[in-house]
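**Student:** Dropping a structure here in structure tokens format, bear with me for questions.
Each reported figure results from applying straightforward, stated rules to the coordinates on display, with no laboratory input. In this text, all values refer to a predicted model and were calculated from it rather than measured experimentally. Here the Cβ positions follow ideal geometry from the backbone for every residue, glycine too, while neighbour counts run over all protein chains shown.
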Amino acid sequence: MREIHAGGKPLKKAYVAIFLWFTGRAIQAAAKVDKEVQKEFAALPDDFTFALGCLPNGPWMVVGKEKGKVKYFGGNLKCRPVHLRLVIKSLDAAFLILSFQESTALATTRNRLMTDGEVPYALSVIRILDIVEVYLLPKLIASLAVKRYPSWWSFSRKLAGRVGVYTRTLLGF
Amino acid sequence: MNLTNGFAFTCPFKTNSGNKALEHLPVELAGLNAFKPLIITSRELAGPKAIGTLINAFGDSGMTIGVFDDVTETADLNVVEQIREIFLKGQYDVIIALGGGIIVDVAKILNLAVSLKVADARQLSPATAIRDPLGPFVVIPTAAATGMETSKYAVLSGKIFTSVHLMPGLVVLDPRLTRAKDGKTVAEAGFAAFGRTLEAYIAPDKNPFMDAYAFTALRFIRENLASAVNKRCNKKESLAVANAVAMSGCVISNTDQNMLHRLGQVFQNTVHVHPGIIIGMCLHPFLDDCMKKDSSRIASLLLPLAGDDKYAAMPEAGRAGDALRDLCEFSYEIYRSLKGKIPRTITEAGIQQYLMKDIFDIINQEPDGAYLRTVIDRVGGSSIKA
């Protein structure tokens, strides 16, 4: 008989934390660059805040609207009231999703994701995340991450969007 | 199926199956309001790799996990009492059984002891009344599962405990744990599950839920067992067989038509032969007799065994014969792949004459003992008897 304290998974946790940090900033940037993202956020209530992260101990990404602008609020769930939580059941599941081994849709069917909040809002957020991933990732990887890659987007939209999103994400405005 | 007769079906457990299913355990345990698990397993029977995989799945949960990995094939109520004391002293709140057979039986009786708050687990007997649901209990079957892990039965030191409350609340099937070291283990588990679900599927009193479970389990085994035996590294096939084995436990808990199952249990309890071996060898004589009684029941087997297209293409009169032919091909394929590692007759199993006498004594006490003896005789029991 022995008693073991569950160890951590620091590398996976670091990867997920960095990914969520970058994606959070990219959502803030995409809300200024892309009209479709602006439209999705416009349909959400004022002060709407959502969080994406994994159980049991995070990391988390908190994004919301403040005075009509979309902002990334960091990784602290308690920084403001959260209207919608998209929860990944474990760090390993988060790693599978965020390393593009499983798309969001596939992870949902495999019972890895939970939604705490209104489903229509969750669908809006998923659509926003899909658009942001298309901007951030090359086509080959983005095709694995999203349900359907938007091949109907014009070349100029992709190029201008990518430049805008990356610049704003890296500079943080 | 006559629905106006009324029926009951109980399946109290949730199944989590698939890639990285183990990693969801901390969340699932939180759902059961449990935060300090005690893992019951065996280094010899489950293997250190499986134990390591399970402990690793708790990574980042911050939980403290107790591991009792000294369960042996000869475990009895003394072992349960020993673990009960550890459980109470360590203030654990959930039992996780990792493995199959005796490991899960010990865990079931332990759950009974701690939930009923008995002063000594050795006081427990099959006569103990189990009226209320027991504490949270999770089963993680490995390739060594027999199918009884998910059932309402627990057998320890020859005592058979029966209650739907003994069934687990959560079953986790992860492909990292369901791959067997050898094809024989998979074939034994597969045959045991196949026989149990087949009997339930052709039972005249089956209900729609039983039909769904038995149909799925039969099809899973028919489509995947041969590949799982031949290519043991194949995750998909071994997971499909593990799912069918888990379903068979639920099926056997809901049916009275369990002659093959009882036959297997008698041999397991008396001579420690895996029930899958006995069920596998008795399948053909049993189905021959069913065919003589009512061929329409055997005809219905063609759908799960041969698939939709073959069933639709075959005229009704030929379905029973085709189902039996398909079953013969299926079992022949398994036996051929294993090259004699699984005995096909009682003689090949090497059961001694004096032990056969004990077996017949037990079988004679069964309500349909005379018939069961004829089945045993036809698979080589008579030659030993002589």
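**Student:** My understanding is that a pair violates if its Cα-Cα distance is over 22 Å; which of A:139/B:20; B:14/B:108; A:32/A:65 do that in this structure?
**Tutor:** Correct reply: A:139/B:20.
**Student:** Here's another thing I want to ask about it. Sequence-distant or interchain residues sharing an amide H contact under 5 Å with residue A:54, placed H: which?
**Tutor:** It is A:88, by chain and number.
**Student:** Ok, one more. Run a plain Debye calculation on the stretch B:183-385 (Cα atoms as equal point scatterers, no solvent) and give log10 I(q)/I(0) at q = 0.12, 0.19 Å⁻¹, rounded to two decimals, same order as the q list.
**Tutor:** Listed by q, the Debye log ratios stand at -0.58, -1.44.
**Student:** Which angle from 0 to 90°, rounded to the nearest 10, does the C-alpha axis of helix B:48-57 make with the longest principal axis of chain B?
**Tutor:** 60
**Student:** Ok, one more. Mind telling me which of B:270, B:197, B:150 comes out most flexible in a GNM of chain B, alpha-carbon contacts under 10 Å?
**Tutor:** B:270
**Student:** By how many nm would the segment from residue A:159 to residue A:78 lengthen if fully extended, with 0.36 nm per residue of separation less the alpha-carbon distance?
**Tutor:** 25.5 nm
**Student:** With n ≥ 4 as the cut-off for DSSP H runs, can you work out [θ] at 222 nm for chain A, using -39500 (n - 2.57) per run divided by the number of residues, rounded to the nearest 500?
**Tutor:** Per the formula, -16000 deg cm²/dmol.
**Student:** Counting only Cα, what are the radius of gyration and maximum Cα-Cα distance Dmax of the protein assembly as shown, in Å?
**Tutor:** 27.7, 93
**Student:** While we're here: What's the center-to-center distance, using Cα atoms, between the stretch B:1-71 and the stretch A:103-173 in Å?
**Tutor:** About 34 Å separates the Cα centre of the stretch B:1-71 from the one of the stretch A:103-173.
**Student:** On to the next question. Would you list, by chain and number, the aspartates and glutamates whose Cα falls below 13 Å from the Cα of residue B:36, excluding same-chain residues fewer than 8 positions away?
**Tutor:** A:3, B:28, B:93
**Student:** Next question, about the same structure. Using a Gaussian network for chain A with springs between C-alpha atoms less than 10 Å apart, which of these wobbles most: A:40, A:133, A:118?
**Tutor:** A:118
**Student:** Residue B:253's amide H: which non-local residues (gap 5+, or another chain) put their own amide H closer than 5 Å, with H modeled 1.01 Å from N in plane and none for Pro or chain starts?
**Tutor:** The list, which skips near neighbours in sequence, is B:152.
**Student:** Next question, about the same structure. Helix B:259-271 versus the longest principal axis of chain B: what is the Cα-based angle in degrees, 0 to 90, to the nearest 10?
**Tutor:** 60
**Student:** Next up: Roughly how crowded by other chains is peptide A:4-11, in terms of the mean Cβ count from those chains within 10 Å of each of its Cβ atoms?
**Tutor:** Average neighbour count from other chains, rounded to a whole number: 5.
**Student:** Next up: Over the Cα atoms of the stretch A:81-147, what is the Rg over Rh ratio if Rh follows Kirkwood?
**Tutor:** 0.96
**Student:** Hey, can you grab everything whose amide H is under 5 Å from the amide H of residue B:16? Only 5+ residues off in sequence or another chain; H modelled, so Pro and N-termini drop out.
**Tutor:** B:171, B:172, B:173
**Student:** If you take each beta carbon of peptide B:21-27 and count the beta carbons of other chains within 10 angstrom, what is the mean?
**Tutor:** Counting Cβ atoms of other protein chains within 10 Å of each residue's Cβ and averaging gives 6.
**Student:** Within the protein assembly as shown, what percent of beta bridges assigned by DSSP are antiparallel, to the nearest 5?
**Tutor:** In the protein assembly as shown, DSSP labels about 50 percent of beta bridges as antiparallel.
**Student:** Counting other C-beta atoms within 10 Å, which of A:132, A:125 has the fewest, and how do the rest follow?
**Tutor:** A:125, A:132
**Student:** How large is ³J(HN,Hα), in whole Hz, for each residue of the stretch A:119-124 in order, when computed from phi with the Karplus curve 6.51 cos²θ - 1.76 cosθ + 1.60 and θ = phi - 60°, using x for Gly and Pro?
**Tutor:** Each residue's phi maps through the Karplus curve to give 5, x, 5, 4, 5, 4 Hz.
**Student:** Just the number, please: percent antiparallel of the DSSP beta bridges in the stretch B:3-178, rounded to the nearest 5.
**Tutor:** Of those bridges, close to 25 percent are antiparallel.
**Student:** Need one number: % antiparallel among DSSP beta bridges in chain B, to the nearest 5.
**Tutor:** Of the beta bridges lying entirely in chain B, close to 25 percent run antiparallel.
**Student:** If you don't mind, there's one more thing I want to ask. Round to the nearest 10 and give me the degree value, 0 to 90, for the angle of helix B:208-230's Cα axis relative to the longest principal axis of chain B.
**Tutor:** 90
**Student:** Over all alpha-carbon pairs of chain B, lay out the pair-distance distribution in 10 Å bins, whole %, shortest bin first.
**Tutor:** 5, 24, 33, 25, 11, 2, 0
**Student:** List, in order, the whole-Hz ³J(HN,Hα) value for each residue of the stretch B:107-116 obtained from phi through the Karplus relation with A = 6.51, B = -1.76, C = 1.60 and θ = phi - 60°; use x for Gly and Pro.
**Tutor:** 5, 5, 5, 4, 4, 4, 5, 6, 6, 7
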